[in-house]
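First up is the structure itself, then whatever we jot down about it.
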Amino acid sequence: LDRSPDTAETTRKLRVATASLSGCFGCHMSLLDIDARITELVKLVEFDRSPITDIKTCGPCDIGLVEGAVANSENVHVLRELRANCQILIALGACAVNGGLPAQRNHLDVGEMLEDVYRDIDEGLPCVPDDPELPLLLDRVRPVNEVVRVDYFIPGCPPSGDTLWKYLTDLIGGRMPRLDYDLFRYD
Ligand code: SF4
């Protein structure tokens, strides 16, 4: 990551964007689980598009963190925008890395599934919402690397706050991120 000009006084803050696609926000909650260290983090980075800032579109950034799988047309749009604007894109958590829980619908037919979920209880007839503002579902839920290039993957459901802290501070400090076994254990 280029943080030039390279003097202590003028080193610029890195810009970080975060986005949630089809997930549960648990990975973003883990980011907040770094607790008081977030005050150290904001000395090093500035947040761009993120639920933390409520900024809805992504500008040029150094690091993008993406949580959740790609399940609908809006997810594709958000993910492509993030990839286009971020030097480094990180897939955060099981849903982003391999589809996770949302991908459990992949063995079902999307049309039949919608009709079952939105069946009118009294009439027994399907009444699937079709407002044009609703994003269209993809036929299959995909991990983010099936849609855009991804630079790093952080598995876990969710990865812990300590894991994210170690990973991000390595990256921001210009080091290759290294995680000890304890930060990757899920038993
Ligand atoms: Fe939620 Fe787990 Fe998916 Fe993260 S990986 S968005 S915690 S279900």
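Given the structure, is residue 181 more than 16 Å from the ligand (Cβ to nearest atom), aromatic (Phe, Trp, Tyr), more than 25 Å from residue 79 (Cα to Cα) and touching a Cys at 6+ places or on another chain (Cβ under 6 Å)? So residue 181 fails the test. With respect to the conditions (1) assigned to a loop (DSSP other than H, G, I, E, B); (2) more than 16 Å from the ligand (Cβ to nearest atom); (3) in contact (Cβ under 8 Å) with a residue 12 or more places away in the chain, residue 130 falls short on a single one, namely (3). Within the range 42-75, the residues that satisfy the criterion of being more than 14 Å from residue 90 (Cβ to Cβ) and under 12 Å from the mean Cα position of the chain (by Cα) are 49, 51, 69, 70, 75. Tell me which residues, restricted to the range 114-124, are surrounded by fewer than 10 Cβ atoms within 10 Å (Cβ to Cβ) and not in a helix (DSSP H, G or I). Residues satisfying the conditions are 120, 121, 122, 123, 124. The single condition among (1) surrounded by 13 or more Cβ atoms within 10 Å (Cβ to Cβ); (2) closer than 30 Å to residue 36 by Cα that residue 174 does not meet is (1). Cβ separations smaller than 7 Å between residues 6+ apart or across chains give the following pairs from the range 94-119 residues that are modelled with pLDDT of 95 or more to residues that are part of a helix (DSSP H, G or I) and more than 16 Å from the ligand (Cβ to nearest atom): 105/113.
Helices (runs of 4 or more DSSP H) fully within the range 1-109 that include at least 3 residues being of a type in the set (Phe, Trp, Tyr), exposed (fewer than 14 other Cβ atoms within 10 Å of the Cβ) and away from the ligand (no atom under 11 Å from the Cβ): none found.
Conditions (1) part of a helix (DSSP H, G or I); (2) more than 29 Å from residue 46 (Cα to Cα), marked per residue:
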site	(1), (2)
145	yes, no
159	no, no
166	yes, no
177	no, no
186	no, yes
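The values are calculated or read from the model by the stated rules, or taken from the named source; none is laboratory data. No experiment lies behind these values; they were computed from the predicted model shown. Reconstructed Cβ throughout: ideal geometry from the backbone, glycine too, with neighbour counts over all protein chains shown.
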